[in-house]
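Take a look at the structure set out below.
The values are calculated or read from the model by the stated rules, or taken from the named source; none is laboratory data. Note that the structure is a prediction, hence the values are computed from the model and not measured. Every residue, glycine as well, gets a Cβ built from its backbone with ideal geometry; the counts of neighbours run over all protein chains shown. What goes into the accessible areas is simple: the full protein's heavy atoms, side chains included, and nothing from ligands, DNA or RNA. Shrake-Rupley method; radii C 1.70, N 1.55, O 1.52, S 1.80 Å.
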Amino acid sequence: MRDGWKNLPDALTCLDGTVITDRNQWQRKRRPEILEMFYRLEYGRIPEEEIQVTVRLTDVSESPDIMAGNALRKTVEVEAKRKERYFSFPFVVFVPKKTGKAPVFITICNRGVQDSDPSRDFLSSFWPAETIVSRGYAAAVFRTQEVAPDYDEGFTTGFHRLFPEYGGRGNDRPANLYGAISAWSWAVSRIIDYIETDPDLDEKRIAVAGHSRGGKTALWTAARDPRVAMTAASCAGNSGDALSRDSRGEKIEDITGKFPYWFCPAYKTFSGREEELPFDQHMLLGLIAPRLLYTSARTRDDWADPESQFYSLLQAEKVYNLYGKTGLREDSLQKPEHPLAGEATGHHLKTGSHDLDEYDWNCYLNFADQKLI
Ligand code: GCU
């Protein structure tokens with residue numbers, strides 16, 4: 001074990017020293033305390049109660065051209081209003097034609113249209129919608145860039161239009177105000193709002209998947225929103241599933257230097273001071289317990305630190321144990337092409353560099369087939 005992991009904050013020891021021994025205490029005391037720390041110090045908070053949301057189904061299409069006639073394609077528009085300011089974003093969902101409510105995979109696409117194409121002119125293993133649908137799952141997708149820009153533009157466009165008082169260069173953003181990861185995560189929750197209203201979709205079997213910055217967003221969403229039944233996070237790495245302490249890859253200084261707009265302003269104050277954080281990322285994973293959680297990594301993705309991703313999942317399993325869910329065995333080895341599954345947690349390492357492809361998807365779907373039932 002790395003030196004810096006010897007003194008990780010314990011997921012089950014409260015700030016006042018109380019040691020949690022059962023799930024009720026966890027739910028009542030420690031879980032809210034940890035969630036609050038992630039809001040205040042890392043991802044930031046959106047003043048959600050000030051936003052009015054309308055979700056509108058704008059199109060339902062069915063044709064032999066759409067997934068060989070095996071799915072309906074629904075297009076939905078999410079409209080948000082705050083103090084006479086408006087913002088909207090679209091998403092699509094392919095629904096397999098079969099009887100009964102379909103479980104859904106929501107994919108957070110942090111890439112371009114070629115990796116999330118609603119017309120299916122471009123097919124991509126990053127989002128193999130045909131495979132997802134053929135296995136009986138609805139496949140929903142939205143593009144992060146259509147919600148909040150993925151560059152440092154001073155919080156003036158997209159979702160940020162709703163909060164003009166915080167936008168513009170040189171404006172001091174409040175220390176705990178949301179960053180882009182929270183905005184993208186808000187979008188996932190709005191897609192879930194829609195799923196709850198669609199009789200073709202099963203609101204009890206919602207999975208959220210994402211890669212890298214999308215993986216970080218998937219984890220944060222599941223931590224906040226209990227309607228997420230399964231999370232699949234690919235190469236989420238720093239500020240996702242990898243521990244911030246003793247990182248051999250990306251550090252808080254790197255991520256907040258290059259992507260300050262992903263987080264609340266308070267987060268960058270921990271650059272080079274990871275030891276002083278009152279939490280680490282295993283506690284983000286613990287917030288998802290007892291719901292299904294699958295993480296995946298790549299052998300050559302040193303920046304995301306695969307060993308740390310794995311160790312952090314094992315640490316999070318302490319929380320799963322409170323719910324009687326046994327994890328991957330402590331002595332489980334993280335070996336390439338060797339998917340591991342506990343009762344509610346799963347993990348694999350794939351040979352290669354930073355990416356999400358059909359191999360990862362098949363592992364996520366196999367895990368969901370077994371457990372998302
Ligand atoms: C950068 C960033 C990572 C992130 C990755 C991605 O490499 O430093 O934290 O995961 O981009 O989103 O692809």
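Among the residues of the stretch 135-149, none qualifies, meaning not one is in a helix (DSSP H, G or I), away from the ligand (no atom under 16 Å from the Cβ), open to solvent by less than 10 Å² (accessible area, probe 1.4 Å) and in contact with a strand residue (DSSP E or B) (Cβ under 8 Å, 6 or more places away or on another chain). On the given criteria, is T256 within 11 Å of the ligand (Cβ to nearest atom), over 28 Å from G327 (Cβ atoms) and open to solvent by less than 20 Å² (accessible area, probe 1.4 Å)? Yes, satisfied. Of the residues making up the stretch 194-215, those that are charged (D, E, K, R) and open to solvent by 10 Å² or more (accessible area, probe 1.4 Å) are E196, D200, D202, E203, K204, R205, R213.
If you go through the stretch 227-237 and pick out every residue that is part of a loop (DSSP other than H, G, I, E, B) and open to solvent by less than 10 Å² (accessible area, probe 1.4 Å), you end up with 4. The set of residues in the stretch 265-276 that are closer than 15 Å to A175 by Cα, of a type outside the set (S, T, N, Q) and more than 16 Å from the ligand (Cβ to nearest atom) comprises P265, A266. For the stretch 336-348, the count of residues that are part of a loop (DSSP other than H, G, I, E, B), within 16 Å of the ligand (Cβ to nearest atom) and of a type in the set (A, V, I, L, M, F, W, C) is zero.
Among the candidates D117, D65, D121, the residue that is closer than 20 Å to A148 by Cα and of a type in the set (D, E) is uniquely D117. The residue list V76, V60, V19 contains one member that is open to solvent by less than 70 Å² (accessible area, probe 1.4 Å) and either in contact with a strand residue (DSSP E or B) (Cβ under 7 Å, 6 or more places away or on another chain) or within 19 Å of D198 (Cβ to Cβ) (or both), which is V76. Whether a residue is among the charged types (D, E, K, R), within 16 Å of the ligand (Cβ to nearest atom) and not in a loop (DSSP other than H, G, I, E, B) was assessed, and D355 does not pass this test. So which residues in the stretch 207-223 are small (G, A, S), within 7 Å of A233 (Cα to Cα) and not in a helix (DSSP H, G or I)? Of everything in the stretch 207-223, those that are small (G, A, S), within 7 Å of A233 (Cα to Cα) and not in a helix (DSSP H, G or I) turn out to be A209, G210. The residue that is most open to solvent (accessible area, probe 1.4 Å), among those in the stretch 280-319 that are of a type in the set (K, R) and away from the ligand (no atom under 16 Å from the Cβ), is K318.
Right, E165: open to solvent by 40 Å² or more (accessible area, probe 1.4 Å) and assigned to a helix (DSSP H, G or I) or not? Yes, satisfied. Of all the numbered requirements in (1) over 17 Å from the mean Cα position of the chain (by Cα); (2) open to solvent by 10 Å² or more (accessible area, probe 1.4 Å); (3) in contact (Cβ under 8 Å) with a residue 60 or more places away in the chain, L277 misses one, and that requirement is (2).
Could you tell me whether G240 is within 16 Å of the ligand (Cβ to nearest atom), in a loop (DSSP other than H, G, I, E, B) and within 10 Å of the chain's Cα centre (by Cα)? So G240 passes the test.
Taken as a whole, the structure places T157 among residues that are closer than 22 Å to G44 by Cα, of a type in the set (S, T, Y) and free of Cβ contacts under 8 Å to residues at least 24 places away in the same chain.
Quick check on the stretch 172-188. Is at least one of its residues in a helix (DSSP H, G or I), aromatic (F, W, Y) and away from the ligand (no atom under 16 Å from the Cβ)? Among the residues of the stretch 172-188, at least one is in a helix (DSSP H, G or I), aromatic (F, W, Y) and away from the ligand (no atom under 16 Å from the Cβ), which makes the answer yes.
In the stretch 231-250, the residues that are charged (D, E, K, R) form no Cβ pair under 6 Å with any partner that is within 9 Å of the ligand (Cβ to nearest atom) and modelled with pLDDT under 95, whether six or more places apart or across chains. Only residues that are open to solvent by 30 Å² or more (accessible area, probe 1.4 Å) and in a helix (DSSP H, G or I) were counted in the stretch 116-130, giving 1.
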